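Visitor: Here it is: the structure, laid out below.
The values are calculated or read from the model by the stated rules, or taken from the named source; none is laboratory data. This is a predicted model, so every value here is computed, not measured. FYI the Cβ positions are ideal-geometry reconstructions off the backbone, even for glycines, and counts take in every protein chain you see. Side chains are part of the model used for accessible areas, which takes the heavy atoms of the whole protein and leaves out ligands, DNA and RNA. Shrake-Rupley method; radii C 1.70, N 1.55, O 1.52, S 1.80 Å.
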Protein chains: 2
Amino acid sequence: MNQLWITLLLLCPAVIYGGKVLVFPLDGSHWVNMKVIIEELHARGHQVTVVRSRDSWYIKETSPLYTSITLESDSGFGEDFAKTFVVQLLEIQRAGKSAWTRFKLEMQLAQMASALHVNTATMLEQLFENKDLIQSLKDAKYDLVLADPAIPGGVLLAHYLKLPLVFNVRWTSQGEGHFSIAPTPLSYVPLTGTVLSDKMNFLERVLNVIVFGFTEYQIAYYVLPYYVDLIDKYLGPDADFLSLFQAADIWLMRVDFVFEFPRPTMPNVVYMGGFQCKPAKPLPEHLEEFVQSSGEHGVIIMSLGTLIGELPHDLADEIAAAFAKLPQKVIWRYIGERPVTLGNNTLLVDWMPQNDLLGHPKTKLFVAHGGTNGVQEALYHGVPIVGLPLIFDQPDNLHRIEVRGAGKIVDIFSMTGDIFYQGIQDVLNEPSYRLNMQRLSRLHRDQPMKPLDTALFWIEFVMRHKGAAHLRTESYRLPWYSYHSVDVVLFLAGAVLLVLFTFVFFIRCLCTKICRSKVKRE
Amino acid sequence: MNQLWITLLLLCPAVIYGGKVLVFPLDGSHWVNMKVIIEELHARGHQVTVVRSRDSWYIKETSPLYTSITLESDSGFGEDFAKTFVVQLLEIQRAGKSAWTRFKLEMQLAQMASALHVNTATMLEQLFENKDLIQSLKDAKYDLVLADPAIPGGVLLAHYLKLPLVFNVRWTSQGEGHFSIAPTPLSYVPLTGTVLSDKMNFLERVLNVIVFGFTEYQIAYYVLPYYVDLIDKYLGPDADFLSLFQAADIWLMRVDFVFEFPRPTMPNVVYMGGFQCKPAKPLPEHLEEFVQSSGEHGVIIMSLGTLIGELPHDLADEIAAAFAKLPQKVIWRYIGERPVTLGNNTLLVDWMPQNDLLGHPKTKLFVAHGGTNGVQEALYHGVPIVGLPLIFDQPDNLHRIEVRGAGKIVDIFSMTGDIFYQGIQDVLNEPSYRLNMQRLSRLHRDQPMKPLDTALFWIEFVMRHKGAAHLRTESYRLPWYSYHSVDVVLFLAGAVLLVLFTFVFFIRCLCTKICRSKVKRE
């Protein structure tokens, strides 16, 4: 019977197993990623419950995909927060790029983000204190918690309910996801924000180590303190913040190694970079008409992401003027005031079907801010990039594209229209950019399974086996000096020294004796 | 066109791509593993060429699966060598188990194995000097070299021919395969031969570190020296032994994490543990009859592997007597003299269809020496094990089964018939052994793809893309002090000290000045 069941599972990996999944997402762009997985869970017949806050922004209360649990508190992570955050960061970015400025910028970021952690902690406390809600969560007998570890809500809830835990992850509160579980030699694993590659010179390696120390400091002072009491009160004194993350069963990581630099990983990390990518659908009629009107020159598309719909007037004018000089047609997602220099080859849109445009054969170039999703979509469709990175991981994402010769970064904070124009010309006219991006696209698409199917396989694996403990190391339970074998090395060094000293001592005793007996004889 | 090709590839991963593969195997049981892959390569329409020595043992000159290239020299790795090696090791094993004995044993092993390296080096030199052969190898335009890195033949040849390199690997000349490329914290990654798990106490961790040092010593004195001149002469002064291994494109690793303890890994390691396992075929009539005659008690099967067909008389008698007391039927692969105590419930056979017997529903128990293949087959079929480990990795393999509660180890060197009988009774009567092994079996079988298909996918991936450089770190090019950031830490410590000293110096100068001016005023 068992064998039959296994055989069936092997034969049809998409077998419907009506599981129950409790999702604790992060709002905003992270939710867009989570929703892709929820849609697929729903399509496969699983029941999904989503935990959201009263002031949720992207996460709707009602949906055909899931039932929701709305907590009676605010996450504080709404459009206002995000926009203020971004605007403030952009202001500082524009002001200068000295080490000191970057440091201040990071501190400001950490302080603002800490407001989110204060809210998350309050939200969790209210949740744990709501006995009725907790009882109903226990009664629901979920198979697993699917969480975004950028905030620790799902992590704590999963441990409280003693449920298996799967992450949909790129970043955690501790920075880049891998850092929490995989050994990370700082000599060839660049930290996010450093805009370094896996090949660093001495000074770059020094920078990487400094940034690492700084990240540790940030976690210790801007993240951890908000959860210590909460963990102590509700999860017991044996639990600690980091090890709750490390105990996750599966880490569905939103990168792959066509994009990311090769680095050590762990058996419970599953790569699903590009899981949201799909073949292009036909464009709406008016867009298709516009695209076709570009003739042999093709189309350029530009978007700086959901949050950056507009730019300072002068900058927008410079960009529009550069576009106007091109023989290509341009589709620009821009919601600000119409730039005065706008050419009639440029179409401004409030929203565009980005994936369908990237997959259109006429599309020659993507002018992008470097959000992970956009970069992965460009990679999937093989469209080279001119990158205008702004904040967060955008410079790092685009750097990965640039070092592989599949795009070019232009500094939006110092660029003129001419520099921007030149950047576009370079990527359009030098065939290597397109060829390299197409090579990356071929590598990315050549996988044993589609990334989304892989992700779902492992979520369902956790349902079937109540976890994936065999893929997870428990080495994190060791104290640091044992993990790094410091105690063993000291012990062995001590033992060697002891033997050496004993030996020397005996030799000296012997010598003294011989000398004395000689003296006596004399 | 390109897109269509990719879509086709994604739709049918088993697409026939007529590649050319040059295989450099190791003889003996390793060849059995390599042959599984060669059969599959052949079935998928690839051309396979196998490099063998004049005195090849398992590797036949003619085969419908491959064409062979026979080198005009001896590997020295034949049945005689293997049997002498094993017998000698068993003698030492039986003699005692003190640390010193183990050390001597290991040294003897290393010295005997070094004869193989001398021969491999000679073989390679003759190969590189044979200009016609080398030219024909170049002309053949192979897509990749598939090598067993337990001897470095294929590694050196691949680099000489500048071809992509794929390993079929469990061990390398440097020990366990992972050690060459993945960070390996000795605090939770047990070395082979230590019979430790991923959870070690302090003294076990000390042992693990000592064994690591010892392994490094073995490599430096018993492996490396034989190849230094050869590499220098034929591959240039920039190449070095270890980095030639590290540059392999894909490591097809013959374990999985149902069997192996979780540990750090790298993106270019592909796990294919159990790739040789297949559903059971019907047994030959006489065996089926014998098996059915066991009734509800079921069958026990015993094999100590190809090399250990017989045992000392007294030991064989003890085992046979223990079997005779059982209500089960026993099938024992034994080619020695018929034990006098043999019961009529026990069938001695020269050879047995092990996989088909393990997959038979009547099979209750496997008495095994713990070779990787046998253990993986038992795991695949969910049959618990009584382990009688002898040499090599057998104690470690069985230890992995034992700590998961799916089998029990009995020390063959000190056991009596009663102890053996008790071991069998324990595993037969305590249901947890069978239940645990069946749980492992379910976990092992629940993979997105069959391990052999995964292996072939990645071999064909390397063909399609002329390597897999994007999955491979090149951090091994860094000197050790850079890899471990020792230089950076020293630099930063120096910088901090300099700032500190400068500060103290100025404070002292200031103090001195103030004091002097005070003194003057007074």
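Visitor: Would it be correct to say that residue B:483 is over 24 Å from the mean Cα position of the chain (by Cα) and more than 13 Å from chain A (Cβ to nearest Cβ)?
Guide: No, not satisfied.
Visitor: If you don't mind, there's one more thing I want to ask. Could you list all residues from the stretch B:270-304 that are within 11 Å of another protein chain (Cβ to nearest Cβ) and crowded, with 20+ Cβ neighbours inside 10 Å?
Guide: Answer for the stretch B:270-304, where residues must be within 11 Å of another protein chain (Cβ to nearest Cβ) and crowded, with 20+ Cβ neighbours inside 10 Å: B:270, B:271.
Visitor: Out of all the residues in the stretch A:481-492, which are part of a helix (DSSP H, G or I) and open to solvent by 10 Å² or more (accessible area, probe 1.4 Å)?
Guide: A:481, A:483, A:486, A:487, A:489, A:490, A:491, A:492
Yes or no, residue by residue, for (1) open to solvent by 50 Å² or more (accessible area, probe 1.4 Å); (2) within 21 Å of residue B:320 (Cβ to Cβ):
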position: B:386; (1), (2): no, yes
position: B:394; (1), (2): no, no
position: B:401; (1), (2): no, no
position: B:406; (1), (2): no, no
position: B:419; (1), (2): yes, yes
position: B:423; (1), (2): no, yes
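The rows are residues; the columns are (1) modelled with pLDDT of 80 or more; (2) more than 15 Å from residue B:146 (Cβ to Cβ).
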site: B:8; (1), (2): no, yes
site: B:25; (1), (2): yes, no
site: B:36; (1), (2): yes, no
site: B:44; (1), (2): yes, no
site: B:49; (1), (2): yes, no
site: B:62; (1), (2): yes, yes
site: B:79; (1), (2): no, yes
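Visitor: If a residue must be farther than 20 Å from residue B:21 by Cα and open to solvent by 20 Å² or more (accessible area, probe 1.4 Å), how many such residues does the stretch B:106-139 contain?
Guide: 17
Visitor: A further question follows. Go through (1) open to solvent by less than 30 Å² (accessible area, probe 1.4 Å); (2) within 10 Å of chain B (Cβ to nearest Cβ) for residue A:202 and report which single condition fails.
Guide: (1)
Visitor: Related question: Could we say that residue A:415 is open to solvent by less than 40 Å² (accessible area, probe 1.4 Å), free of Cβ contacts under 8 Å to residues at least 60 places away in the same chain and more than 20 Å from residue A:247 (Cβ to Cβ) here?
Guide: no
Visitor: Moving on to the next point. Which count do you get for residues in the stretch A:320-358 that are in contact with a strand residue (DSSP E or B) (Cβ under 6 Å, 6 or more places away or on another chain) and either in a loop (DSSP other than H, G, I, E, B) or open to solvent by less than 10 Å² (accessible area, probe 1.4 Å) (or both)?
Guide: 9
Visitor: Of the numbered conditions (1) among the aliphatic types (A, V, I, L, M); (2) open to solvent by less than 40 Å² (accessible area, probe 1.4 Å); (3) facing chain B (nearest Cβ under 7 Å), residue A:478 fails exactly one; give the number of that condition.
Guide: (2)
Visitor: Within the stretch A:362-384, how many residues are of a type in the set (Phe, Trp, Tyr) and open to solvent by 10 Å² or more (accessible area, probe 1.4 Å)?
Guide: Residues meeting the conditions: 1.
Visitor: Do you know which residues across the stretch B:280-300 are farther than 10 Å from residue B:327 by Cβ, out of contact with any His (no Cβ under 8 Å at 6 or more places or on another chain) and either in a helix (DSSP H, G or I) or charged (D, E, K, R) (or both)?
Guide: Hits for the stretch B:280-300 are B:281, B:285, B:286, B:287, B:288, B:289, B:290, B:292.
Visitor: Here's a follow-up. What number of residues in the stretch A:457-473 are more than 7 Å from chain B (Cβ to nearest Cβ), outside any helix (DSSP H, G or I) and open to solvent by 10 Å² or more (accessible area, probe 1.4 Å)?
Guide: Counting residues in the stretch A:457-473 that are more than 7 Å from chain B (Cβ to nearest Cβ), outside any helix (DSSP H, G or I) and open to solvent by 10 Å² or more (accessible area, probe 1.4 Å) gives 1.
Visitor: What are the residues in the stretch A:169-190 that are more than 24 Å from residue A:275 (Cβ to Cβ) and hydrophobic (A, V, I, L, M, F, W, C), if any?
Guide: A:186
Visitor: Are any of the residues in the stretch B:426-441 among the hydroxyl-bearing types (Ser, Thr, Tyr), modelled with pLDDT of 95 or more and farther than 28 Å from residue B:169 by Cα?
Guide: yes
Visitor: Give the stretch B:212-269 a look and list any residue that's within 14 Å of another protein chain (Cβ to nearest Cβ) and among the polar types (S, T, N, Q), or say none.
Guide: Selection gives B:246, B:265, B:268.
Visitor: Just to verify a result, which residue in the stretch B:149-192, among those that are charged (D, E, K, R) and farther than 20 Å from residue A:182 by Cβ, is least open to solvent (accessible area, probe 1.4 Å)?
Guide: Of everything passing the filter in the stretch B:149-192, B:170 is least open to solvent (accessible area, probe 1.4 Å).
Visitor: Can you tell me which residue among A:427, A:496 is open to solvent by 80 Å² or more (accessible area, probe 1.4 Å) and outside any loop (DSSP other than H, G, I, E, B)?
Guide: When all the criteria are applied, what remains is A:496.
Visitor: Suppose we filter B:142, B:217, B:227 for residues that are in contact with a Leu (Cβ under 8 Å, 6 or more places away or on another chain) and open to solvent by 10 Å² or more (accessible area, probe 1.4 Å); which single one remains?
Guide: Going through B:142, B:217, B:227 in turn, just one is in contact with a Leu (Cβ under 8 Å, 6 or more places away or on another chain) and open to solvent by 10 Å² or more (accessible area, probe 1.4 Å): B:142.
Visitor: Name every residue in the stretch B:431-440 that is out of contact with any strand residue (DSSP E or B) (no Cβ under 9 Å at 6 or more places or on another chain) and either at positive phi or more than 8 Å from chain A (Cβ to nearest Cβ) (or both), in order of residue number.
Guide: B:431, B:432, B:435, B:439, B:440
Visitor: Here is a follow-up. Scan the stretch A:441-456 for residues that are under 19 Å from residue B:455 (Cα atoms), part of a helix (DSSP H, G or I) and facing chain B (nearest Cβ under 7 Å) and jot them down.
Guide: Passing the criteria: A:443, A:445, A:454.
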